[in-house]
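Just below is one structure, and these are the notes that go with it.
The values are calculated or read from the model by the stated rules, or taken from the named source; none is laboratory data. Note that the structure is predicted; figures quoted are calculated from it, not measured. Here the Cβ positions follow ideal geometry from the backbone for every residue, glycine too, while neighbour counts run over all protein chains shown. Accessible surface is based on the protein model in full, side chains and every heavy atom, while ligands, DNA and RNA are left aside. Shrake-Rupley method; radii C 1.70, N 1.55, O 1.52, S 1.80 Å.
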Amino acid sequence: MFARKILLISFWVVSFFTSFHHQREFASGHFIFGQSNSVEFPNLRPAVFNLTEFGGIGDGLTLNTAVFENAIRAISEFGKHGGGQLNVPPGNWLTAPFNLTSHMTLFLAEGAVILGIDDENYWHLMPPLPSYGYGRELPGPRYGSLIHGQNLTDVVITGNNGTINGQGRAWWEKFRQKLLNHTRGPLVQIMWSSDIVISNITLRDSPFWTLHPYDCKNVSISNLTILAPLLDAPNTDGIDPDSCEDMVIENCYISVGDDAIAIKSGWDQFGISYNRPSTNIHVRNLIVRSMVSSGLSIGSEMSGGVSNIIVENLHVWSSRRGVRIKTAPGRGGYIRNIRYKNLTFDQVRIGIEIKTDYNEHPISGYDPLAIPIIEDVLYESVHGVGVQSPVMIHGRAEVPVTNLVFRDMTMGIAYEKQFSFVEGRVIDPAFAALCENLDMYEEQGRSTAG
């Protein structure tokens, strides 16, 4: 009998400490709170919290805004000690917009869905972006993003392919019916921040632009799936780097209702005054689709300048356009030192487009003499099937496209070509001459004009 009691007590002690270990263990001198017994989370910060510890209910009906706010407030206390991690377990976590904090990891488990409430009365208003000077769609304030952060450093949003869902359909319908009084908000927006990592999650059905890094430095975006209906989901761009520096976007699948990627830097006189370029951005290993716009665009809001952009290993399928540069007089700024390499277009209406009359302006007071510069653009190893119009490049007398280089291209480019006010060259061509002011060169750079 005594031996049986000892055995039962020993079993109870082992069970207690095992349970205690799951609920509160030490890591680097700090507590880890509320670890789930059914879902394993990696410990990426000294302090780790579970959303349920703050009363979260993932039934898709209960509003969890205060839960997220309280959890993030707790994480902010660990900022000087390596930061904190907020684990979002499986479930449907309905919330209004909330703000992140520095030195934070937001981790979404497989099966976890953060749902944005689709009632705009819960979405707070923000001033217009300083480089836009306008609410983009409507004058005045704009709606903030579902997940927002500004003036932050060291922020990670990641997971085991959990989802952030903006429930955008109600927004799209109200926009079409002109029932909204302010510009729609992005799904995720990080502003004036540095050292940002966003990876291994799904973003879907944003009210407006999906992921909008604004005036940020040192940003890594990888292994994202970004989805919105291809039609009837207006302005649901996938990723819009805006006045950003030192960024990598890689290994993503994007299928949305507007540009999959759109690199921006401000709008007309407001962007010129703000004067923050998008520069040193590397986009690679993406599969994208856009039946409304482009696989990857630069502009049209590029008044702060766009330079030193590398786009490689990009596959665009069943889309309206492959890659596009768009601007207009009044934008000012520049687009220069752009390199496209290893592009594949599959069933794309227009392969390559440069458009210099994209006349969409915030207010009537823009300066029409603010002329954008487009120069030093290389297209290398571009191949396509089912491309209706391989190349459409339309400069203007006041906005010429200069030092444009094509190298190793097979898209039936001689079949249908449209060029105006373009200066450049073709190196080692496999097709006929493009236009009179594009010189032909062999691989070694020797002119073949005769």
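On the stretch given as region 36-87, residues that are farther than 23 Å from TYR122 by Cβ, open to solvent by 70 Å² or more (accessible area, probe 1.4 Å) and outside any loop (DSSP other than H, G, I, E, B) total 3. If you check PRO141 against the conditions, is it surrounded by fewer than 18 Cβ atoms within 10 Å (Cβ to Cβ), closer than 30 Å to SER303 by Cα, in contact with a His (Cβ under 9 Å, 6 or more places away or on another chain) and in contact (Cβ under 8 Å) with a residue 24 or more places away in the chain? For PRO141, the condition - surrounded by fewer than 18 Cβ atoms within 10 Å (Cβ to Cβ), closer than 30 Å to SER303 by Cα, in contact with a His (Cβ under 9 Å, 6 or more places away or on another chain) and in contact (Cβ under 8 Å) with a residue 24 or more places away in the chain - is met. Taking the conditions (1) assigned to a loop (DSSP other than H, G, I, E, B); (2) farther than 30 Å from GLY266 by Cβ; (3) open to solvent by less than 60 Å² (accessible area, probe 1.4 Å) in turn, GLY135 satisfies each one other than (2). Are any of the residues in region 168-184 outside any helix (DSSP H, G or I), within 23 Å of SER265 (Cα to Cα) and aliphatic (A, V, I, L, M)? Among the residues of region 168-184, not one is outside any helix (DSSP H, G or I), within 23 Å of SER265 (Cα to Cα) and aliphatic (A, V, I, L, M), which makes the answer no. Of the residues making up region 163-187, those that are out of contact with any Lys or Arg (no Cβ under 6 Å at 6 or more places or on another chain) and buried (at least 24 other Cβ atoms within 10 Å of the Cβ) are ILE164, GLY166, GLY168, ARG184, GLY185, PRO186, LEU187. Of the set (1) β-branched (Val, Ile, Thr); (2) under 29 Å from LYS174 (Cβ atoms); (3) surrounded by fewer than 24 Cβ atoms within 10 Å (Cβ to Cβ), all apply to ILE196 but (2).
Listed here are the residues, each with its yes/no results for (1) open to solvent by 70 Å² or more (accessible area, probe 1.4 Å); (2) assigned to a strand (DSSP E or B); (3) touching a residue at least 12 places away in the same chain (Cβ under 8 Å); (4) not acidic (Asp, Glu).
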position: GLY351; (1), (2), (3), (4): no, yes, yes, yes
position: HIS361; (1), (2), (3), (4): no, no, yes, yes
position: ASP367; (1), (2), (3), (4): yes, no, yes, no
position: TYR379; (1), (2), (3), (4): no, yes, yes, yes
position: VAL382; (1), (2), (3), (4): no, yes, yes, yes
position: PRO390; (1), (2), (3), (4): no, yes, yes, yes
position: ALA397; (1), (2), (3), (4): yes, no, yes, yes
position: VAL405; (1), (2), (3), (4): no, yes, yes, yes
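When you go through LYS417, LYS355 one by one, which is the residue that is at pLDDT below 85 and surrounded by 15 or more Cβ atoms within 10 Å (Cβ to Cβ)? Even if it seems obvious, please write down each step before you answer.
Details: LYS355 fails: at pLDDT below 85.
Sole residue among the options that is at pLDDT below 85 and surrounded by 15 or more Cβ atoms within 10 Å (Cβ to Cβ): LYS417.
Give the residue, chosen from TYR253, TYR214, that is among the aromatic types (Phe, Trp, Tyr), open to solvent by 30 Å² or more (accessible area, probe 1.4 Å) and modelled with pLDDT of 95 or more. Give the steps one after another, and end with the answer.
Values: TYR214 fails: open to solvent by 30 Å² or more (accessible area, probe 1.4 Å).
Only one candidate passes the filter, namely TYR253.
Considering only region 282-298, how many residues are crowded, with 24+ Cβ neighbours inside 10 Å and either without any contact (Cβ under 8 Å) to a residue 60 or more places away in the chain or farther than 14 Å from SER319 by Cα (or both)?
Within region 282-298, residues that are crowded, with 24+ Cβ neighbours inside 10 Å and either without any contact (Cβ under 8 Å) to a residue 60 or more places away in the chain or farther than 14 Å from SER319 by Cα (or both) number 8.
Which residues, counting only those in region 256-281, are among the aromatic types (Phe, Trp, Tyr) and surrounded by 24 or more Cβ atoms within 10 Å (Cβ to Cβ)? Once the filter is applied, which keeps residues that are among the aromatic types (Phe, Trp, Tyr) and surrounded by 24 or more Cβ atoms within 10 Å (Cβ to Cβ), region 256-281 yields only TRP267.
Within region 324-356, the set of residues being over 18 Å from VAL387 (Cβ atoms) and in contact with a Lys or Arg (Cβ under 7 Å, 6 or more places away or on another chain) comprises LYS326, THR356.
Quick one: would you say CYS252 is under 12 Å from the mean Cα position of the chain (by Cα) and closer than 20 Å to ASN313 by Cα? So CYS252 fits the description; yes.
Only one entry in LEU106, LEU94 is without any contact (Cβ under 8 Å) to a residue 40 or more places away in the chain, buried (at least 19 other Cβ atoms within 10 Å of the Cβ) and either among the hydroxyl-bearing types (Ser, Thr, Tyr) or under 22 Å from PHE41 (Cβ atoms) (or both), namely LEU94.
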